[in-house]
Amino acid sequence: MARLLQLDASAAVEGSTSRSLTAAFAAAFAAVPGNAVVRRDLHAEPVPHLPHPQLHWAAPLRSGSAPAAAGEALQEALIAELLAADVLVVGYPLYNYSLPSSLKAWIDHVHVPGRTAPSAGSPLAGRPAVLVATRGGDYGPGAPNEGRDLATPVLELVLGEEMGMDVSVVACQWTLAGNGPDREERVRRGGLERAAALAAVRELGSRLR
Ligand SMILES: Cc1cc2nc3c(=O)[nH]c(=O)nc-3n(C[C@H](O)[C@H](O)[C@H](O)COP(=O)(O)O)c2cc1C
């Protein structure tokens, strides 16, 4: 039996591409007998900003004033939920070239040097983490926005390099067609992107554990 933690951060409750892709991943995962899915909607039930800077560190590494017990308890719950998962899938749109703030707040709680990091000795080392990134525009090779997705590199760095998880990225671009003269071509490319992303999440969801 394997357990999936499914995180969603889109502010769109309906019509969200990232939510539809994480749902397809979770459905493929749950189709394997014995597998279970735990879901956390970071938009519907937001994690607050990290309430105290010392929460960034594992307890033995802290100095100065102590964090309040309530903040510590929430952090413990979020870390325990992550540690209980064999596989992580995270759906997030690009917002202003960056992470949705709801997802950033979750990252600030679970990335804890001395506890979940560094990667050498991290309890999460080697566990699969699938990043499902949606973008309104084109960030591919040669596009004016190439290299301007500043969300995915942060997640690769923190979940992958720092926490030691085995990160895969499924990106889906061109979700916004706009109204310009090239609208038809944008819609066509968006459709191709969605079909490829759907195939990728289904394959990963049925295979990872
Ligand atoms: C507040 C906000 C900021 C956005 N910023 C960007 C951006 O910087 N680049 C981009 O390509 N799309 C941007 N978009 C568009 C979303 O990334 C795009 O619509 C995406 O598909 C939304 O994901 P979802 O369908 O899962 O909700 C933005 C959308 C919102 C609501």
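The values are calculated or read from the model by the stated rules, or taken from the named source; none is laboratory data. None of the values given here were measured: they were computed from a predicted structure. Note that we place each Cβ from the backbone using ideal geometry, even for glycine, and neighbour counts take in every protein chain shown. For accessibility, only protein heavy atoms count, side chains too; no ligands or nucleic acids. Shrake-Rupley method; radii C 1.70, N 1.55, O 1.52, S 1.80 Å.
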Checklist entry - What number, in percent, do you get for the relative contact order of region 1-113 if the mean sequence gap of Cα pairs under 8 Å and at least 6 apart is divided by its residue count? => result 41 percent
Next on the checklist: Under 20 Å from a point placed 7 Å out from the Cα of Arg62 along the Cα-to-Cβ direction: which residues of region 68-84 have their backbone N that close?
Outcome noted: 68-83
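May I ask you to give the percent of accessible area on region 1-54 that is carbon plus sulfur, with a probe radius of 1.4 Å?
Carbon plus sulfur share of accessible area: 56 percent.
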Checklist entry - Taking all protein chains as present, what is the carbon and sulfur share of the accessible area of region 142-205, in % to the nearest whole number, probe 1.4 Å? => result 52 percent
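When the convex hull of the Cα atoms of the chain is projected onto a plane and the area is averaged over all directions, what value comes out in nm²?
Values: hull surface 50.0 nm².
Answer in nm², one decimal: 12.5.
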Checklist entry - Given charges of +1 on the Cβ of Lys and Arg and -1 on the Cβ of Asp and Glu, with all other atoms neutral, how large is the dipole of region 133-209 about its Cα centre, in debye to the nearest 20? => result 380 debye
Next on the checklist: At 1.4 Å probe radius, can you tell me the per residue accessible area of region 27-114 in Å²?
Outcome noted: 48 Å²
Checklist entry - When only C-alpha pairs under 8 Å and at least 6 residues apart count, what is the relative contact order of the chain, in percent? => result 25 percent
Item to check | Descending Cα extents along the principal axes, region 1-60, whole Å | outcome: 41, 31, 13
Checklist outcome for this item: Note: probe point = Cα of Ser101 + 7 Å toward Cβ; backbone nitrogen < 17 Å; residues of region 20-55 passing the test are 42-52
Item to check | Within region 75-209: Cβ-based charge dipole about Cα centre, in debye rounded to nearest 20 (Lys, Arg +1; Asp, Glu -1) | outcome: 320 debye
Checklist outcome for this item: Ranked output for segments 55-66, 30-41 by mean other Cβ atoms within 10 Å, highest leading, reads 30-41, 55-66
Checklist outcome for this item: For the pair Asp166 and Glu45, the simple spin-label estimate (label points 7 Å beyond Cα toward Cβ) gives in nm 3.0 nm
Next on the checklist: Need the full-extension length gain, Ala27 to Val154, defined as separation in residues times 0.36 nm minus the C-alpha distance. One decimal, nm.
Outcome noted: 43.0 nm
